[in-house]
Amino acid sequence: MQDNHKVIEAYERGWLVFGLAMILVFIVLIGYTVLNRGETISRGGGQIEVATVRTTSPFANPRVEQVGDEYVAYVQAFAFGYLPAEIRVKRGVKVTFYITSPDVQHGFYVEGTNINPQIIPGQATKLEHVFDRAGTYRIVCNEYCGIGHAQMFGKIVVEE
Amino acid sequence: MAVKTLSSLDVYSGHPERKYTLYTLMLGFAALLLGTLFGPLQALNYGGVDAYPLLKPLVQSYYQGLTLHGVLNAIVFTQLMAQALLVYFPAHELKLRPNMTLAWVSWWMAFMGLVTAAIPLWGNAATVLYTFYPPLKGHWAFYVGAAVFVLSSWVSIYLVLDLWRRWKRANPGKITPLVTYLSLVHWLMWFLASLGLVVEVAVFLIPWSLGLIQGVDPLLARTLFWYTGHPIVYFWLLPAYVVAYTLLPRIAGGKLISDPLARLAFLLFLLFSVPVGFHHQFADPGISPGWKFFHTVLTMMVAVPSLMTAFTLAASLENAGRARGGRGLLGWIRTLPWHNPAFLGVTLGLISFIPGGAGGFVNASFPLNQVIHNTTWIVGHFHLQVATMVTMSAMAAAFILVPHLTRKPLLGVGYARAAMWLWFIGMNLMGFALHWMGYLGVPRRAHISEVAGQYQGTLPFMALNIISGVILFVAAAFFFYALFATALQNQRLPEAQTPELVFTQVVSGPEGSRIAQLTDRVGFWFAVAAILIVLAYGLPLVQIFTSLNPVPGVRLW
């Protein structure tokens, strides 16, 4: 029994070393990815007063602007849809999204990409993405926002 | 076997804590029964079949059904299991009676809180899901009921602290017995963990729902919610771990390999459970990526005690299988008591916890999380963790505890056994389907069956959801049949034949163990845990609190 016990302890040490090494590798990979491939990670785009979203804020006129060689999109996610109803950009061009909500929380999941921020009223979300494939991308709301939640879709058209 | 009928008074006169435990357990299973009725409806929805129009006068919408499913199963059932198991187990181990007045105060608080919250839930006045994110605004009674329900757990914390203090006073210098130690650490972790939810509901949501304040900052509410919302899963999980560490090896016919390592695992949960909540807010604006990364590292650390647990329990089961005559590399598996429903419940739950835990690494990986955030992947994940591991362990505990507490022998053993296998198969099939659908981008918490055709690419997985929903419905029916047939029979065994509740023996005990001595400094480790929380949450919370941006509430359901 004593020998058996020693064997178990040796296996256990091995298992824990394996586990800790695995975790260390994960942490390094995560850090590397966040630093080098983290453009779609949602960053604060500043606070915004909810009552002004539809009136005087930069989001009152939802649009895609061409700024130099890039696009900047101001998007409203509202119950139950997105404005602009269709976001039109060119393939291979960087798009900076600013997104907010005039009512409750929403999602902004762009199918086939890593774009998946939480849209929180009172906050603007900022993220960047370069679409490298032309086509139509669907935007899906994936945060419960009320009775019309499942019907809340948007559209991004990426042209050649 | 001599069987006679006794009045309840005789049964519990020497053991009033058994009556408290039974009532808490059964209230929890009543919640599970009600919540589980909505489970197959969720599965049908994710199979593209909309059954909700049929329920129209009773249930107004898919989202109301989902709110009931989430609140009853994830908040009510789980907390009541902790309040039953981890108050009774230490009392039983120490042979001390908990303060019975306070024990019943906690039961009545839980019950009244439940009833208060249930009224607006049934009335479709609080269809805000179990995360109740503002600015969606439910009826005040929902928040008040939820607060009273959750605060009843603080009474349970006191009950166990009081048991431990009394034992320590009578046994100065001795190391806390294992079951009591594990339970105590669980409750201390929960005290630290629950503070976020308590502040969110008491300071913000209740005054807001009563119209006393105009708005709530949704980012602050999310942050406070997830401060509690991640460790709450350990609050649910640790009672299952206590069952797995201190009952399973004995049920299997062996011993727990190491007492000190069980203590160490729980201590790591005390330290790392709470300061990890931002991994639920990776997608949020308003929290810097640096803080999210810090929480990522701590989240990875909280996997360590589960990796330890996997080893210790597997080794303990091997020990049991070999003690029963199993030979060879894998021969010990065959000799384990697969006929015993309690063994099946915990073991099949633990097996499901392995793929569930692997998925957890994906969720915790900051950049990978973007792929699966708010998709059905998450739903698949917690159905393996909570709805399989935690729930099956609670069911297994019921197979042992109900006969022990009531002196009524387990009836419907065949149904109980079948329920465990079917639950395991159904949940794993569904977990698999939901993970894949989530990976393909299907949103969670969405009434997708009303927009049938929008997710054609996932049809095979949708079909799997329907199949697993049917399997789980049968599993639930079998389980509740065995539970109620046992609890409601009117025959009781004589006192001398009370089914025992005996905790597992250990191969290496706490005596002379440095780990056992160090981990027993509970006050010190509690302080370390609090400091870690301040480090991980202090600055971000100060930032959010000093720039509050309240938003008025709306009802959109």
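Couple of notes before you dig in:
- For the range B:15-137, the Kirkwood hydrodynamic radius from C-alpha pairs, put into Stokes-Einstein at 37 °C and a viscosity of 0.692 mPa s, yields a diffusion coefficient of 207 µm² per second.
- Global geometry of chain B, whether rounded, prolate or oblate, following the gyration tensor of its Cα atoms and the 1.5 cut on a/c: rounded
- Selection from B:Ile378, B:Phe191, B:Leu501, by position along the positive dipole direction of chain B (Cβ): B:Leu501
- Quotient of the Cα radius of gyration of the range B:106-257 and 2.2 N^0.38 Å, N being its number of residues: 1.26.
- Of the trypsin sites (Lys or Arg not before Pro) found in the range B:80-178, those in coil by DSSP whose Cβ has at most 13 other Cβ atoms within 10 Å are B:Lys95, B:Lys174.
- Per-selection metrics, chain A (Cα): Rg and Dmax in Å: 21.9, 77
- Rolling a 1.4 Å probe over the heavy atoms of the protein chains gives chain B an accessible area of 34 Å² per residue.
- Theoretical gain in end-to-end length, B:Ala202 to B:Val362 [0.36 nm per residue, Cα-Cα removed]: 54.2 nm
- Computed FRET value (nearest 0.05) for B:Gln517 with B:Gln214, which takes r as the C-beta separation and R₀ as 56 Å: 0.55
- Candidate cross-link partners of B:Lys255 among the aspartates and glutamates, defined by an alpha-carbon separation under 18 Å and a same-chain spacing of 8 or more, comprise A:Asp3, A:Glu9, A:Glu12, B:Glu93, B:Glu318, B:Glu500, B:Glu511.
- Projected-area mean, the range B:421-510, by convex hull of Cα positions, square nanometres: 11.4 nm²
- q = 0.12, 0.20 Å⁻¹, the range B:76-156: log10 I(q)/I(0) [Debye, one scatterer per Cα]: -0.41, -0.85
- Carbon and sulfur %, accessible surface of the protein assembly as shown computed with the full protein complex present, 1.4 Å: 66 percent
- Cut-off 12 Å (backbone N to label point 7 Å along Cα→Cβ of A:Val130), residues of the range A:85-117: A:91-95
- Centroid-to-centroid, using Cα positions, the range B:293-324 and the range B:153-216 are 25 Å apart.
- Pairwise burial B:A, computed as accessible area of each alone minus the pair, summed, 1.4 Å, Å²: 5000 Å²
- Working from label points 7 Å from Cα in the Cα-to-Cβ sense, the A:Leu29 to B:Trp421 distance is 3.7 nm.
- Residues of the range A:101-126 that bury at least 50 Å² of accessible area once all protein chains are present, compared with their chain alone (1.4 Å probe, heavy atoms only, ligands and nucleic acids left out), are A:Val104, A:Gln105, A:Tyr109, A:Asn114, A:Asn116, A:Gln118, A:Ile120, A:Gln123.
- Long-range tail of P(r) for the protein assembly as shown (Cα pairs > 45 Å, %): 21 percent
- Global form of the range B:456-557, assessed from the alpha-carbon gyration tensor, a/c cut-off 1.5: oblate
- For chain A, the longest principal axis of the Cα atoms and the long axis of helix A:2-37 meet at an angle of about 20 degrees.
- Interface residues, the range A:140-160 - accessible area loss of 10 Å² or more versus chain alone, probe 1.4 Å: A:Val140, A:Asn142, A:Glu143, A:Tyr144, A:Cys145, A:Gly146, A:Ile147, A:His149, A:Ala150, A:Gln151, A:Phe153
- P(r) of the range B:330-402 over all Cα-Cα pairs, binned every 10 Å from zero, in whole percent: 20, 38, 26, 14, 3
The values are calculated or read from the model by the stated rules, or taken from the named source; none is laboratory data. Note that the coordinates shown come from a computational prediction; the quantities given were computed from them, not determined experimentally. Note: ideal-geometry Cβ built from the backbone for every residue, glycine included; neighbour counts use all protein chains shown. Heads up: the accessible areas ignore ligands, DNA and RNA and are worked out on the full protein's heavy atoms, side chains in. Shrake-Rupley method; radii C 1.70, N 1.55, O 1.52, S 1.80 Å.
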